[in-house]
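What follows is a set of notes on a single structure, which appears directly below.
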Amino acid sequence: MPLRPAISAIAALLVLTSGLPVAAQEPGPQSFQLPEGCEGFVTVQKRDCSVSNHFTCDFDPQGHQRRADFDERGMTYVGRIDEETRWIESFHVLAGEGERLLQGEVDPASFSALLADGVDTYDFRTETERSGIYHFVGQDRLTGRQVTIDGVTLDETEYQITAYSAEGVELWRSAGNEFIHRDWRMFLSGTGTLVTSDGAFETDDTPVEFIFPGEPGFMSINPKHGCGAMLSSLPRSFMKETANDHL
């Protein structure tokens, strides 16, 4: 099956149903309109002037969940993970690049292993529309520390991940701390350092607010925190969004 139709059709559906094309938003609070058959369960406002809307769709396999990210320019990312947080498919809106997991992973990511053993390693490949194959190797480890953010209790993790080209050339690597929510079976971004051929960049995508159905700001596309500030020179790009895919 061609990669572009498989992934872009879903991303296009989400962009269209949001009613807000990228870089063409009107000012003021607005909400992400989910496709028919989908239901949101939490909106996360983050420190880096971005907001993530998490939702499930009845046309997906059981245990799968989706995420749509927005910044000041509009939608930047749409992704789907399974119940083990494997990166099933992604679409990086600003880069116009789709990505999907290649089956037969050497070491599949396992949220269950992380919970049971306190550490999970992974080694897998993804296929992109234009850039070819990417190879990811890394691990997540529970630090034993819990934090409470906006009334939500999270477990802290320590991570490291390296991305390689199909030829084995290192493209980038990242390390830092993230969080997991055990019941939601998902990662939430935190702080880290991303190292590329252009240098090292500090990132801070830590959650600030959790907004639930019925609360003001649920399914908002308007980021609230850290906007307008002089942030890192790291561009919001395919590379950065890929580094945060399993969140």
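The values are calculated or read from the model by the stated rules, or taken from the named source; none is laboratory data. Note that the structure is predicted; figures quoted are calculated from it, not measured. All Cβ positions, even for glycine, are placed from backbone atoms using ideal geometry, and neighbour counts span all protein chains on display. Quick note on the areas: whole protein, heavy atoms, side chains included, nothing else; ligands and nucleic acids left out. Shrake-Rupley method; radii C 1.70, N 1.55, O 1.52, S 1.80 Å.
Figures for the structure shown
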read-out: Estimated inter-spin distance, Arg130 and Trp184, nm [label 7 Å along Cα→Cβ]; value: 3.2 nm
read-out: Pairwise label distance in nanometres, Arg141 with Asn177, each label 7 Å out on the Cα-Cβ vector; value: 1.4 nm
read-out: Amide H partners (placed H, <5 Å) of Trp87, local residues excluded; value: none
read-out: Heavy-atom accessible area per residue - segment 138-231, 1.4 Å, Å²; value: 49 Å²
read-out: Peptides 62-69, 194-201, 85-92 ordered by average Cβ neighbours within 10 Å, highest first; value: 85-92, 62-69, 194-201
read-out: Principal axes of segment 126-191: Cα extent on each, largest first, Å; value: 44, 21, 16
